[in-house]
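Working notes for the structure below.
The values are calculated or read from the model by the stated rules, or taken from the named source; none is laboratory data. These numbers come from a predicted model, not from an experiment. Here the Cβ is made from the backbone with ideal geometry for all residues, glycine too, and neighbour counts use every protein chain on show.
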C-alpha cells in the first residue's frame, strides 16, 4: 500500500454520486475512520438536512456546513464524505486542500437513476430532474475540478470497484519525499 501519513481524504461530488457509500468502504481499506458531514450536521442540530435547509435557507446552511468542515479538518486519518455543495464556498477549499480531495463524477444518467423519486433533497425540487442536475453540475464543475483526483464513472460499477480505482489513483498524486545523494 502507500503511506498517507494520516492525511484526510475528502470525497466531493454531486448528490447521489456515492460518497456516503464509498466512504466507509475506502476508510476500512485504509484503516481510517469514516465521517459524513451531512450526518454530523444532522446530529448537531437534531434535524434532517432537508428540514434544516428548508428552515434556515441555503446561505445559512452553507455556513453550518463550513463550520462542521473546519472542525472535521482538525482531525487526521479520516475519510470524509461531504455534502454536494461543499465545494461552492472558497473558504471550504482551505480545509479540503489540507487533505487529499477526490471528486466522484458519475454520468448524469447514473445520477438521474439514483435520485429519481428522492424527495429528501430540497435542492432537487423540480419537475425535470435531468435538467436540474445538469444545471447544478454546470455551476459546480469548475469547483469540483480543483480536486486532487477526478474519478469519472461512466458505467455502473460496484462500490468495491470504485474503491479499487481510488486506491490505484492515490499513489499518482502523493508527493513522495525526494532522496538526495550524500
Contacts under 9 angstrom Cβ, first residue in segment 74-86 being at positive phi, partner part of a loop (DSSP other than H, G, I, E, B) and surrounded by fewer than 22 Cβ atoms within 10 Å (Cβ to Cβ), 6 or more apart: 77/4; 77/6; 77/7; 77/31; 77/32
Is it the case that some residue within segment 15-30 is within 18 Å of residue 89 (Cα to Cα) and touching a residue at least 12 places away in the same chain (Cβ under 8 Å)? yes
Taking segment 102-133 on its own, how many of its residues are surrounded by 14 or more Cβ atoms within 10 Å (Cβ to Cβ) and either more than 19 Å from the chain's Cα centre (by Cα) or free of Cβ contacts under 8 Å to residues at least 40 places away in the same chain (or both)? 5
Answer with yes or no whether residue 104 is modelled with pLDDT of 90 or more, in contact with a strand residue (DSSP E or B) (Cβ under 7 Å, 6 or more places away or on another chain) and closer than 16 Å to residue 17 by Cα. yes
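Given the residues 152, 177, which is the only one that is touching a strand residue (DSSP E or B) at 6+ places or on another chain (Cβ under 8 Å), surrounded by fewer than 17 Cβ atoms within 10 Å (Cβ to Cβ) and either outside any helix (DSSP H, G or I) or modelled with pLDDT of 95 or more (or both)?
152
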Just to be sure, is residue 140 more than 26 Å from residue 28 (Cα to Cα), surrounded by 17 or more Cβ atoms within 10 Å (Cβ to Cβ) and touching a helix residue (DSSP H, G or I) at 6+ places or on another chain (Cβ under 7 Å)? yes
Given (1) more than 18 Å from the chain's Cα centre (by Cα); (2) surrounded by fewer than 19 Cβ atoms within 10 Å (Cβ to Cβ), where does residue 52 come up short, assuming only one miss? (2)
Within segment 1-17, how many residues turn out to be at positive phi and surrounded by 24 or more Cβ atoms within 10 Å (Cβ to Cβ)? 1
Go through segment 25-133 and tell me which helices (runs of 4 or more DSSP H), entirely inside it, have 2 or more residues that are within 22 Å of residue 164 (Cα to Cα). 108-115
Where residues in segment 18-45 are closer than 29 Å to residue 116 by Cβ and more than 18 Å from the chain's Cα centre (by Cα), which of them is surrounded by the fewest Cβ atoms within 10 Å (Cβ to Cβ)? 43
